[in-house]
There are 4 protein chains.
Amino acid sequence: MKRKICVVVTARPSYSRIKTALAAIQDHPQLELQLVVAASALLDRYGAAIEVMQREGFVPAAKVFNVIEGDDLVAAPKTTGLGLLELTTVLLNLKPDIVVTVADRFETMATAIAAAYMNIPLAHVQGGEVTGNIDEKVRHAVTKLADYHFVASESARERVVRLGEEPESVFNTGCPSIDLAREIADQIVNEPGFDPYERYGGVGARPDLSKGYLVVLQHPVTTEHGQAREQILITLRTVDRMGLPTLWFWPNVDAGGDETSSAIRGYREKHNPAHIHFFKNMDPDDFLRLLLGARCLIGNSSVGIRECSFLGVPVVNLGSRQERRDRGPNVIDVAYDEAQLESAIRRWLESPRPPRDTVYGGGDAGKRIADLLATVPLRFHKTISF
Amino acid sequence: MKRKICVVVTARPSYSRIKTALAAIQDHPQLELQLVVAASALLDRYGAAIEVMQREGFVPAAKVFNVIEGDDLVAAPKTTGLGLLELTTVLLNLKPDIVVTVADRFETMATAIAAAYMNIPLAHVQGGEVTGNIDEKVRHAVTKLADYHFVASESARERVVRLGEEPESVFNTGCPSIDLAREIADQIVNEPGFDPYERYGGVGARPDLSKGYLVVLQHPVTTEHGQAREQILITLRTVDRMGLPTLWFWPNVDAGGDETSSAIRGYREKHNPAHIHFFKNMDPDDFLRLLLGARCLIGNSSVGIRECSFLGVPVVNLGSRQERRDRGPNVIDVAYDEAQLESAIRRWLESPRPPRDTVYGGGDAGKRIADLLATVPLRFHKTISF
Amino acid sequence: MKRKICVVVTARPSYSRIKTALAAIQDHPQLELQLVVAASALLDRYGAAIEVMQREGFVPAAKVFNVIEGDDLVAAPKTTGLGLLELTTVLLNLKPDIVVTVADRFETMATAIAAAYMNIPLAHVQGGEVTGNIDEKVRHAVTKLADYHFVASESARERVVRLGEEPESVFNTGCPSIDLAREIADQIVNEPGFDPYERYGGVGARPDLSKGYLVVLQHPVTTEHGQAREQILITLRTVDRMGLPTLWFWPNVDAGGDETSSAIRGYREKHNPAHIHFFKNMDPDDFLRLLLGARCLIGNSSVGIRECSFLGVPVVNLGSRQERRDRGPNVIDVAYDEAQLESAIRRWLESPRPPRDTVYGGGDAGKRIADLLATVPLRFHKTISF
Amino acid sequence: MKRKICVVVTARPSYSRIKTALAAIQDHPQLELQLVVAASALLDRYGAAIEVMQREGFVPAAKVFNVIEGDDLVAAPKTTGLGLLELTTVLLNLKPDIVVTVADRFETMATAIAAAYMNIPLAHVQGGEVTGNIDEKVRHAVTKLADYHFVASESARERVVRLGEEPESVFNTGCPSIDLAREIADQIVNEPGFDPYERYGGVGARPDLSKGYLVVLQHPVTTEHGQAREQILITLRTVDRMGLPTLWFWPNVDAGGDETSSAIRGYREKHNPAHIHFFKNMDPDDFLRLLLGARCLIGNSSVGIRECSFLGVPVVNLGSRQERRDRGPNVIDVAYDEAQLESAIRRWLESPRPPRDTVYGGGDAGKRIADLLATVPLRFHKTISF
């Protein structure tokens, strides 16, 4: 009898991150995939990840609409609470053997608690990392609820063990997002290979990309609530002023998400920047192709730390959001400051591309995760190791 | 301006445990108490803690009915999810400066997440202990969400620090439940000082207590779901056979709670045990008086490990529920086995009372917690220490 | 392609009422049954209707645990709110062509709103009746949300039309509960045909039933909250005093349910009545057999008005709960008053059995409902007729 | 002791409608206002009614964030379910003597059920009207749950009585929205009296309003889900083509709301219409001033039927949304058809302004409602009148 593996995906970036593991689970002879799609992964204004999944061959076993509106700190806990109520019913009906939760978004706590309280073994992908924001509270709390840990780097493995988890329950599989990067990296270099304007629409200028371009992806920082507007404006002003062809991506949903989005919208309507095109979202592999062709990625997304280290894409990383995460030689860190930001971008424009780095794995994480899910002993009872 | 301290109490045993801290907060010149009463603390069939609180001078700022019915593992996560939804609204309206969550019951996770996600500093009372059941997952996860840790013993303090919390955020205050024990211990010895049958009703035989008596308090173990019935029957048969005057307390609410309760009810109706009286609940100080006068406490409650160590009451502790908790010389541990259980009870009947022990503090925890709440720097931003 | 018919059953009495329609839907060549089991129908302490359903060949398509605890008026709206949240997700995933909701329990409003708001055609079984309690608000509100009305009597049909529903959407099918009564009535008369003590356990005396017996089924009345205790005690004292063999059934869940139950439990433990046996629940057909053999049914259940009119079972109906419902010649109405109650019981003991009556249909309601569900035009858009 | 009157406001248009009643309750010597603000009334992207209320002197007693995201039919029932869960807790804590619910938006059902199930007398403002969409199901269902009915016209009064409500519980107070219209109408004619661009920002062209202008307010129709896009485009194309100065208002939240909004946004970005300015929202009295100065209002908002009849503002009413509502001589009804629409607009441009009409009351509804709330007998028990 196949083990039923229930993976709960709650956001578009989480899908990108776990996609190769989903495929490997689906293809594994001893596993049956139960894909649950919830939260912003179902919503158009966060990129309708559900449609991407279906297009890429995944059929959801259940959908849970649980995003509660509110541009302040109320939305995150309530969305988690509603998710917990409903995911319990979903797990009751699906009866999985193992539940998999991905990374550290606030609403992943709902998945973790539902599984832990229902005595279903829980696997956590991407624990043990350090960032210094609310994600960190979430991430380590999920570690304490999880029974298996599929971590993305050696320092993450050590940290999970130091948190009191039994070493034999912690596996450094590398990060599944690198799997995708490896596929892309082997295909093409230095050009997107498609017309992003035509394929993804979006709004704003349509600068010529053939001489090189910047990519921007900047999320609000939940613990710096109230500063999101100013933080995004610094980047908008700097990048606009530099006048290079730029592809800008809207941020994902979070407390503060609306503040960032509305600042971008306001800036765009007022200044109509002549070299910037804005995208709502993009299929993960197209996004990676764009990054691979970029002169520099600017922002605070983990993609800069993670996929870009493997791809060797230059990154200017802003502020505290990726603080203390493992990083390769492709990252320059700067504060939210126009001068620092411009100077760092210019440095990359004048430097050679950084070498590839495997700090987040070698590109076989999805397959390794599936193999582990097929073989780990089923258990939900653990105790701290010290 | 006074700091507003919101304490969320979700169950009768948690109230007993935090009571002296509530009083100290209420009396503190720089603090304002916001007491939120939720979950089983509002329900008659779990002892209506709300009425005890009101009788003892505490006025709730809000009530949240969030217990969802179901005798299986579905009730715990859904109760937590609903609690999270509603506590968010409560915190939004009360706007506390610090939220306090108590111990490790499953639904305390709702309090912890609401505060953490709303960027309200969170204090956790009684983290860092070890038990080896689902409570442990909850307890350590709450530690990773909390900003201040008021722990009950030195080994707990060390464990919280090892979990990556900054040492200056971890305070060994001792356990507030010991405060109550100290008051009682100073008052009387070796007799309850009241007629428990008259004051608390209950059902069953009314044995003469003047020659000594046993007390039983045994909870279901959530990770051993499905075994609760047999575990309680072992104790029922053994204690019934021994024929000593016995005061038996119904367990609290948990997944499996109904199974234990119905096993007790079934046994009682079938065998009508001649020396056992059954109580639904009791005011905490009367309960401590009863314990102080007992020949032995039997069961798996933390009161045996904690208050009884300070009071020097002999305890026979059953099974894994208190596994690895600090304990004094007053505890004999046994498996769920009739022969072992009887032999351990007999050993205590023939031994002198054990000495007092201060492993869980010296009886001033409530006051120390209030003083700390008045003085700790307000912050909700932390990162792991390693 | 078969029409998918989603029937939501939320309580044991509703199941009894709709059972023959469920069977007819399941057997219908053009229909596919989607049975959703929710609320107290899932809970042991309300008779675990789910187990009866499964035993009788129905496989639930989804289960929803949504009963929130609280012995006061808070539990009913919150249970409905949680039901609405979760039934929406269930309907989203099941995609039925028509949703069927049964009768007028408070939580049926969740089913009705979910379907109406999701633009799924809604059929309501048993609208148009009059009772004068909270059920009436619910019942008529559901009528205003429903697209088809399968009513149980001619006066109910007229009332639904007067409420502004288009006459061609209102069908007097008779009540499905009569279908079951017809089967039973054709089988046996004047004896249960089984040993209820052996088959259903229960507690209390085991009076000899061979010389005739009474049956009692009395529910709390939600709008008379706070009086439930006294109302049940009147019946307990009267029936106990009369000393006839009596089979007593616990009431179902409602705000106040616990009050009634605890009054019964308290009376039983104090007085240990010598001629009364107490049952938690019974399969519907066994229950009807018991009624058919009874000298008299006492209480305020609709079974007295409905099934008993077809069966010709004498009934003493208490208080306002069935006020203004259609009734046959088998009902004597009395107030909550010991003298009136005793006198009415004695009158039936001395009178011949009343004749059968078809005010609630001729026993083919289930089949007629299924046929209508297969043929009514699918629509969810309506307007008031005046 | 003052009667506590809890009014639940869930949306910006409902606030406008009930505002004078809120003021009259607040000023009434025997009443205490408990204002609960919920759902889209709290959200920026639906006009942040909460801020308007606070600016206008109302202090909310509680806030409930219960809008669940999803651009399809899932959001409406779930938002209602969550509202029901939380409003129950709010009412439990506020303990009002009467609850007031306004009109017929889907989420008002949450208020109605919470009050009805908690045995709190419920007053419904604006029942008895006819529209032929989902609002109608909601409106009449709320009527069946309500104990007092404050209706806005004589035909509404008759309809509520025909629905089986006791005539002495139904009061034709007129519509409170007319109160505001009366104040405005007495102040100024034929010019807004303020610069709407400066005061409210918004986006798009800034046509000169001094020679007359059109106003557009068109909502999606929930039962015509899927057609919202085409329906709004018909109006966009027609109005754009006519080239008159136009002030366009975004629609409110509903299933389908996002579809309409995104169609407007898409049209605007593609065609950049030269004579149209777009507003997100406006204070109700400024909005009425704008209407008073307009050549014609186009759309399907009830403001055209209601306030504009009293103000004598010409209206072209589109489609079924206001079907069968009472209307004065100021309304021309057309289908969603460009030719019909243009022709009707032209007719108004060439005709004199219609006379004032009092079908919706004389402008003292707020005061009359407050007086009734102070004097109606408190009761929550009713039965259908036939």
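The values are calculated or read from the model by the stated rules, or taken from the named source; none is laboratory data. Keep in mind that what you see is a predicted model, and the values were worked out from it rather than measured. Every residue, glycine among them, receives a Cβ derived from its backbone with ideal geometry; neighbour counts consider all protein chains shown. Quick note on the areas: whole protein, heavy atoms, side chains included, nothing else; ligands and nucleic acids left out. Shrake-Rupley method; radii C 1.70, N 1.55, O 1.52, S 1.80 Å.
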Review point. Check residue C:172: other-chain or 5+ apart residues with amide H under 5 Å from its amide H, H built from backbone geometry?
Key: C:151
Exercise for review: Report, by chain and number, residues whose modeled amide H sits under 5 Å from the one on residue A:327, excluding near sequence neighbours (fewer than 5 apart, same chain).
Suggested key: none
Review point. Using the Cα atoms of chain A to build a convex hull, what is its mean projected area in square nanometres?
Key: 17.2
Review point. Going from most exposed to least, what order do A:338, D:198 have by accessible area with a 1.4 Å probe?
Key: D:198, A:338
Review point. Of the cross-linked pairs D:19/D:144; C:63/D:95; B:4/C:63; D:137/D:280, which ones have a Cα-Cα span greater than 31 Å in the structure shown?
Key: C:63/D:95; B:4/C:63
Practice item. Determine, at each q value in 0.10, 0.18, 0.25 (inverse angstroms), the log₁₀ of I(q)/I(0) that the Debye formula gives when each Cα of the stretch B:285-375 is one equal point scatterer. Key: -0.29, -0.78, -1.28
Practice item. With all protein chains present, calculate the accessible area of residue D:58 using a 1.4 Å probe and round the result to the nearest 10 Å². Key: 10
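Direction-averaged shadow area of the convex hull around the Cα atoms of the protein assembly as shown, nm²?
54.9
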Check your understanding: With contacts defined as alpha carbon pairs under 8 Å and 6 or more residues apart, what's the relative contact order of the stretch A:243-316 in percent?
Key -> 29
Practice item. Decide, for the stretch D:20-61, between rounded, prolate and oblate: order the square roots of the alpha carbon gyration tensor eigenvalues as a ≥ b ≥ c, take rounded if a/c falls under 1.5, and otherwise choose prolate if a/b is larger than b/c, else oblate. Key: prolate
Practice item. Compute the label-point distances linking residue B:194 to its equivalents in the other copies; points lie 7 Å from Cα along Cα→Cβ; give nm, one decimal, shortest first. Key: 4.9, 6.4, 7.4
Review point. How far is residue A:356 from itself in the other copies, in nm, if each label sits 7 Å out from Cα along the Cα-Cβ line, shortest first?
Key: 7.0, 8.0, 8.4
Practice item. Using θ = phi - 60° and the Karplus relation 6.51 cos²θ - 1.76 cosθ + 1.60, list the HN-Hα couplings for the stretch D:2-19 in order, rounded to whole Hz, with x at every Gly or Pro. Key: 5, 6, 8, 10, 9, 10, 9, 10, 10, 6, 4, x, 5, 4, 4, 5, 9, 3
**Study point:** Sequence-distant aspartates and glutamates (8 or more away, or on other chains) whose Cα lies within less than 16 Å of residue D:78
**Key:** A:69, A:86, B:86, C:86, C:107, D:69, D:86, D:107, D:254
Check your understanding: Which ³J(HN,Hα) values in Hz, rounded to whole numbers, follow from the phi angles of the stretch D:43-50 under the Karplus curve 6.51 cos²θ - 1.76 cosθ + 1.60, where θ = phi - 60° and Gly and Pro get x?
Key -> 9, 4, 6, 10, x, 6, 3, 3
Study note, to complete from the structure: In whole angstrom, the spacing between the Cα centers of the stretch C:227-293 and the stretch C:32-92 equals 25
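Mind ranking D:364, A:240 by accessible surface for me, highest first, 1.4 Å probe? Don't jump to the answer; show the numbers that get you there.
Numbers: D:364 65, A:240 35 Å².
The residues order as D:364, A:240, largest area first.
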Study note, to complete from the structure: Partner shielding of D:116-124, taken as the mean number of other chain Cβ atoms within 10 Å, equals 5
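Classify the stretch A:293-342 as rounded, prolate or oblate, taking a ≥ b ≥ c as the square roots of the eigenvalues of its Cα gyration tensor: rounded when a/c is under 1.5, otherwise prolate if a/b is larger than b/c and oblate if not.
Details: a/c = 2.15, a/b = 1.28, b/c = 1.68.
Oblate.
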Review point. In nm, one decimal, shortest first: how far is the label point of residue C:212 (7 Å from Cα along Cα to beta carbon) from the matching points in the other copies?
Key: 6.1, 9.0, 10.5
Review point. For chain D, with the dipole built from +1 on Lys and Arg beta-carbon atoms and -1 on Asp and Glu ones, taken about the Cα centre, which of D:42, D:385, D:246 lies farthest toward the positive end?
Key: D:385
Study note, to complete from the structure: Per the helix-only model, the protein assembly as shown has a calculated mean residue ellipticity at 222 nm (DSSP H runs of ≥4, -39500 (n - 2.57) each, divided over all residues, rounded to the nearest 500) of -13000 deg cm²/dmol
**Study point:** Residue with peak Gaussian network fluctuation, chain A [Cα springs, cutoff 10 Å], from A:344, A:41, A:49
**Key:** A:344
Review point. Given charges of +1 on the Cβ of Lys and Arg and -1 on the Cβ of Asp and Glu, with all other atoms neutral, how large is the dipole of the stretch D:166-235 about its Cα centre, in debye to the nearest 20?
Key: 400
Review point. For the stretch D:1-66, what is the relative contact order in percent, using Cα pairs closer than 8 Å and at least 6 residues apart in sequence?
Key: 36
Study note, to complete from the structure: Placing one equal point scatterer on each C-alpha of the stretch B:143-274 and summing with Debye, one gets log10 I(q)/I(0) at q = 0.11, 0.16, 0.22 Å⁻¹ equal to -0.64, -0.98, -1.19
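Per-residue mean of other chain beta-carbon atoms within 10 angstrom of the beta-carbon, peptide A:60-66?
That works out to 5 on average.
Can you give the charge dipole size of the stretch B:1-84 about its Cα centre, rounded to the nearest 20 debye, using +1 on the beta carbon of Lys and Arg and -1 on the beta carbon of Asp and Glu?
Once rounded to the nearest 20, the dipole reads 320 debye.
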Check your understanding: What is the dipole size for the protein assembly as shown, taken about its Cα centre, with +1 at each Lys and Arg Cβ and -1 at each Asp and Glu Cβ, in debye to the nearest 20?
Key -> 0
Point to revise | Shape box of the stretch A:57-134 [Cα atoms, principal axes, largest first, Å] | key: 34, 31, 29
